[in-house]
Amino acid sequence: MTSRCFDRFGGLMATLVLMVSVSAHADETDPFGGQALKPGEKHDGKVLTVDELIACIDLQRDLHGQESKADSLELSADLAESRYRGLAQIIDAERRTLDATDQHAIDDFNAKVREQGEAVDAYNDLVVQLNGALSKQDALAGQFNAQCTTSAYYASDLTRAYSIRERRLAESIARESGKRDGNR
């Protein structure tokens with residue numbers, strides 16, 4: 001019992017130390033891969049403005065959304081592939097033992113072949129959608145990298161950008177809510 005409590009306590013302490021370590025360096029992390037400047041620090045290259053940082057935040061959000069969409073489509077395509085391959089194995093096994101004189105068995109077999117064909121079509125459609133999502137993801141990543149990761153910015157500007165963006169989002173939600181309430 002003491003050993004288990006100590007293990008839990010030790011794990012808790014390790015987690016706490018990790019959290020303190022991460023939070024101590026949180027102001028040093030850079031969400032865009034560019035260079036976070038300290039107040040008053042000079043930089044020879046481009047420094048992102050608050051509006052440009054808002055655009056980067058939006059691009060990053062769009063990129064993450066597109067990555068999630070692509071991940072979901074990839075999972076769906078994998079499942080669809082498993083389904084059509086499984087049906088193909090069943091069809092191959094049944095083909096070897098199919099009684100060509102049993103019309104009911106032939107009809108069942110043909111139904112499975114049609115089902116497998118539909119599964120292949122569904123898989124192909126998902127692959128086309130996945131390729132489109134990946135192309136869009138690549139384009140967003142290229143745009144994000146070009147606009148956001150190669151420039152410096154001031155942390156205070158990034159904080160302002162998040163605040164402005166949150167306020168705009170809240171205002172937009174309030175407007176949409178008002179429109180819906182007005183339509184009732």
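Quick note: the coordinates plus some simple rules give every number you see, no bench work behind them. Remember, predicted model here, so these are calculated numbers, not experimental data. Glycine also receives a Cβ, built like all others from the backbone with ideal geometry; neighbour counts cover every protein chain displayed.
Miscellaneous remarks
- Hydrodynamic estimate: the Kirkwood radius of the stretch 80-184 over Cα pairs, inserted into Stokes-Einstein at 10 °C and 1.306 mPa s, corresponds to D of 81 µm²/s.
- Going from the fewest other Cβ atoms within 10 Å to the most, the residues 162, 154 appear in the order 162, 154.
- Charge context of residue 49, other residues only, Cβ under 12 angstrom, K/R +1, D/E -1: -1
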